[in-house]
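A.B. asks: Structure provided below as structure tokens; questions to follow.
The values are calculated or read from the model by the stated rules, or taken from the named source; none is laboratory data. Note that this is a predicted model, so its numbers are computed, not measured. Glycine also receives a Cβ, built like all others from the backbone with ideal geometry; neighbour counts cover every protein chain displayed. When the accessible area is computed, the model is the full protein with side chains, heavy atoms only, and any ligands, DNA or RNA have been set aside. Shrake-Rupley method; radii C 1.70, N 1.55, O 1.52, S 1.80 Å.
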Amino acid sequence: VEVERAPKALPACATPVMDGMKVKTNSKVAVGAQKDTLEFLLINHPLDCPICDQGGECPLQDQAVGYGGHLSRYEEKKRVVADHDIGPLIETEMTRCIHCTRCVRFGDEIAGVMEFGITGRSEHLKIDTFFGSTVDSEVSGNVIDLCPVGALTSKPYRFTARSWELIDHESISPHDCVGANISIQTLRGEVKRVLPRINEAVNECWISDRDRYSYEAAGAENRLLQPMVRGELGLTPASWEDALNAAANGLWSVIDEYDASELGALVSPTASFEEFYLVQKLMRALGSDNVDHRLRQIDFSGDDDAGLYPGTSLPIERFSDCSKILLVGSNIRKEQPLLGLRVRNAWRAGAKVAAINSMDWSLNFGLEAKTIVAPGLVPYALAQVLLLLCEMKNAEVPADISGDFLDGADEFSGHEECRKIAAMLCENTDDGVIVLGQSAISHPMFSCIEHLAHFIAEISGVALAILPPANSVAGWMAGCLPHRGANGVPVEAPGLNARQMIHNPRAAYLLFDIEPSRDISDGMHTRQAMENASFVISLQSFDDVPDYVDVVLPITSFTENAGTFINCEGRVQHTVAAVEPMGESRPGWKILRVLGNFFNLPGFDYVQAGDVFEETSAEAEDVSEPNGSSSRPVPCIQKESSVSPGYFELISDPKIYSVDATVRRAAALQSTADASPVTVGVHPDDLEALSLKNGTAIVLRHDLHSVHTQVFSDTRVARGCVYFPAGSDAGPSASIGAEVRIEQESGTV
Ligand code: SF4
Ligand code: FES
């Protein structure tokens, strides 16, 4: 642009506005400068728009058409940049790069992982990865959207469609409790790519790689395409009518032979509100309250007094404004990558962040203080923070925390990191939040941790955020719980929770979109319970059917299903189906509705998913009040015993790309570093004490089961612990805090 009294044209985007400034955007000088700039930008840019993935949505094309000249005067050779493989998610065409450095700044300012950098100068300047490393952090796909040209493109999407042919479908990502707004883009009934939809209050303009690439599994070859029923010849294809009849007859015969209380339903937390609601409605109509979606939780002692749902009382968008954040049992960066970005944002603005964890996770922000201890000690470290806080604030120690329990906190008296955490929480600053993550929720003393966190939040004046997996909030609101119906209405005689259904095995199970030995906290007991059941129905999307399943009903993937998602702040968001169901698969809510008809149950006449939601939302209470309050009488008591000599405490948080059946089958995600094969990790000092070397073949033993794998030294693991993540194909894991033993393959250590 031309600025009055400036000696030459100035770049509009980099010139600060001043009072009284006169700017001309269309003068001869301005137009000439714009043309020259574009001519320079295009000197080395290839003329390959017809075969470029960015074609049709390319800002450089738009600028060239709007402000460029018609001819190029450049006759010399254009420079060419050699490409190399930067991982399974992003394909490069660096000859197209115009060196805007947006991708470099994204790593520096947003993601906190410097995956791209600049090398060389002038003609030799290029954007590259460091030492040939891959670009596959949990949010790296966002650079594809940021790159103004076709230099960084999506590897799975590459050359499969032109942008103007694609049809947009608004949807919600089902993989974590943030509820990122996504656009599923399709061509001729096939999903081609997933992009973010801007929602400043939820995901801003970002999505995680899990949100972006999980669609690949929906179109995968191993989708289950027709119903199957087990007979004398094993599992054989059946018509929908036969399969639904077999399902209804199987459940009836269990009810006849035993009792309806012998039925149990286990539902994936990725289900939609409608599916949660219909599973519990069906089970309760049949006479069983044994229904649950909290598959990794093992402590349910706080159920009766729990709030309407576990969630955050601090709106997601205000995480970035926090001045103090305490993470407890949380690897927020990998569990909820977009909330991780908000925490990083807050940290960059000066917030103090601290953690009490059992793994020293690699985070994309710095920590003011950290206490890395075995899972069994986490509640005591938290109790010590509470005691110090009470001391600093002259507050009473809550009376319902038993003296015995507080004695356990003595282990941390004089612990400098606990003192720093208490001091941080004591500061008189604005917003703050205590985050309880996945391993806090799956902890054997979850109710106690939650109770302590409530008190700490109350005394220090910060919010409490419990971040459950996927669409769990909808599971709570829809009544997919043994002790509550829809909208939190208490059930008179509560049924069995997920853990009880496994440890007091039922005669029949209805499984909704789960792989039991990977998704339920105690994989081996789960398998045993299923094998001993007389009848198992599984509604699932993929074709690897366990041999204990009697009737398998194919359900659609999230791209083919309409439904409702409620995120951790209670935000209700609806989705539409982007494509038709694959093969004979059908949306889960429709199958459950028809199953209700097969049982001749009243109230199963919905025409569309919205009808199910309307039935409950008519009486819905306020969904903005999660978590109850600290006055809930959940006593904190001393843990009965510590780990036996020779045993380790297990840390089994699932890895980012093992959280659900869909993600586990997304090809590109499964090729990233985060999906590397699962082995056992122990602290280097423990490995030395065991006289084992890195890579030694071992047997990891727990109670019923053993897993054959290798052990490696891992500095992130707390002393006395073993890290063996659940949800992988390396073998079933046990629950967090379980006692495990390491034996060398050739003999006991
Ligand atoms: S964002 Fe694209 S054009 Fe800009 S520097 Fe990075 S690769 Fe080059
Ligand atoms: S179309 Fe603009 S860089 Fe390819």
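A.B. asks: Of the residues in the stretch 641-668, how many are polar (S, T, N, Q) and open to solvent by 40 Å² or more (accessible area, probe 1.4 Å)?
C.D. replies: 3
A.B. asks: Just the residues that are open to solvent by less than 10 Å² (accessible area, probe 1.4 Å) and in a helix (DSSP H, G or I), please, taken from the stretch 323-337.
C.D. replies: ILE332, PRO337
A.B. asks: How do the strands (runs of 3 or more DSSP E) wholly within the stretch 73-188 filter down when requiring 2 or more residues that are within 16 Å of ligand 1 (Cβ to nearest atom): which remain?
C.D. replies: Fully inside the stretch 73-188 and qualifying: 90-92, 116-119, 126-129, 152-154.
A.B. asks: So which residues in the stretch 206-231 are in contact with a helix residue (DSSP H, G or I) (Cβ under 9 Å, 6 or more places away or on another chain), farther than 21 Å from THR312 by Cα and assigned to a loop (DSSP other than H, G, I, E, B)?
C.D. replies: SER214, GLY219, ALA220, ASN222, GLN226, PRO227
A.B. asks: Evaluate the following for LYS78: is it more than 16 Å from ligand 2 (Cβ to nearest atom) and open to solvent by 80 Å² or more (accessible area, probe 1.4 Å)?
C.D. replies: Criteria not met by LYS78.
A.B. asks: Within the stretch 357-375, identify whether any single residue is buried (at least 24 other Cβ atoms within 10 Å of the Cβ) and within 16 Å of VAL462 (Cα to Cα), and answer yes or no.
C.D. replies: no
A.B. asks: I've got another one for you. Restricting the search to the stretch 178-211, which residues are open to solvent by 30 Å² or more (accessible area, probe 1.4 Å) and either in contact with a His (Cβ under 9 Å, 6 or more places away or on another chain) or of a type in the set (S, T, N, Q) (or both)?
C.D. replies: Correct list: ASN199 only.
A.B. asks: Residues of the stretch 113-156 being within 16 Å of ligand 2 (Cβ to nearest atom) and either of a type in the set (Val, Ile, Thr) or surrounded by fewer than 13 Cβ atoms within 10 Å (Cβ to Cβ) (or both), which ones?
C.D. replies: ILE127, VAL143, ILE144, VAL149, THR153
A.B. asks: Can you find even one residue in the stretch 679-693 that is over 20 Å from the mean Cα position of the chain (by Cα), polar (S, T, N, Q) and not in a loop (DSSP other than H, G, I, E, B)?
C.D. replies: There is no residue in the stretch 679-693 that is over 20 Å from the mean Cα position of the chain (by Cα), polar (S, T, N, Q) and not in a loop (DSSP other than H, G, I, E, B).
A.B. asks: Name the pairs: first residue in the stretch 45-60 and in a helix (DSSP H, G or I), second residue more than 6 Å from ligand 2 (Cβ to nearest atom), Cβ to Cβ under 6 Å, at least 6 apart or on different chains?
C.D. replies: Close Cβ pairs satisfying both conditions: PRO59/PRO148; LEU60/PRO148.
A.B. asks: Would you mind finding the one in SER671, SER706, SER713, SER676 that is open to solvent by 20 Å² or more (accessible area, probe 1.4 Å), of a type in the set (Gly, Ala, Ser) and farther than 30 Å from LEU89 by Cβ?
C.D. replies: So the residue among SER671, SER706, SER713, SER676 that is open to solvent by 20 Å² or more (accessible area, probe 1.4 Å), of a type in the set (Gly, Ala, Ser) and farther than 30 Å from LEU89 by Cβ is SER706.
A.B. asks: Please verify whether PRO59 is open to solvent by 30 Å² or more (accessible area, probe 1.4 Å) and farther than 30 Å from LYS334 by Cα, treating the condition exactly as stated.
C.D. replies: Criteria met by PRO59.
Conditions (1) part of a loop (DSSP other than H, G, I, E, B); (2) touching a Ser or Thr at 6+ places or on another chain (Cβ under 7 Å); (3) closer than 20 Å to ALA675 by Cα, marked per residue:
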| site | (1), (2), (3) |
| --- | --- |
| PHE712 | no, yes, yes |
| ARG719 | yes, no, no |
| VAL722 | no, no, yes |
| ASP729 | yes, no, yes |
| GLY737 | yes, no, no |
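A.B. asks: If you scan the stretch 39-56, which residues turn out to be open to solvent by less than 50 Å² (accessible area, probe 1.4 Å) and within 14 Å of ligand 1 (Cβ to nearest atom)?
C.D. replies: Once the filter is applied, which keeps residues that are open to solvent by less than 50 Å² (accessible area, probe 1.4 Å) and within 14 Å of ligand 1 (Cβ to nearest atom), the stretch 39-56 yields ASN44, HIS45, PRO46, CYS52, ASP53, GLN54.
A.B. asks: Among ASP543, ASP605, ASP513, ASP550, which is the only one that is open to solvent by 10 Å² or more (accessible area, probe 1.4 Å) and under 30 Å from GLY311 (Cα atoms)?
C.D. replies: ASP513
A.B. asks: If I go through the stretch 248-264 residue by residue, how many of them are in a helix (DSSP H, G or I) and closer than 19 Å to PRO505 by Cα?
C.D. replies: The total comes to 11.
A.B. asks: Taking the stated definitions as given, is ASP83 away from ligand 2 (no atom under 13 Å from the Cβ), surrounded by fewer than 16 Cβ atoms within 10 Å (Cβ to Cβ) and under 17 Å from ALA151 (Cα atoms)?
C.D. replies: Spelling it out, ASP83 is indeed away from ligand 2 (no atom under 13 Å from the Cβ), surrounded by fewer than 16 Cβ atoms within 10 Å (Cβ to Cβ) and under 17 Å from ALA151 (Cα atoms).
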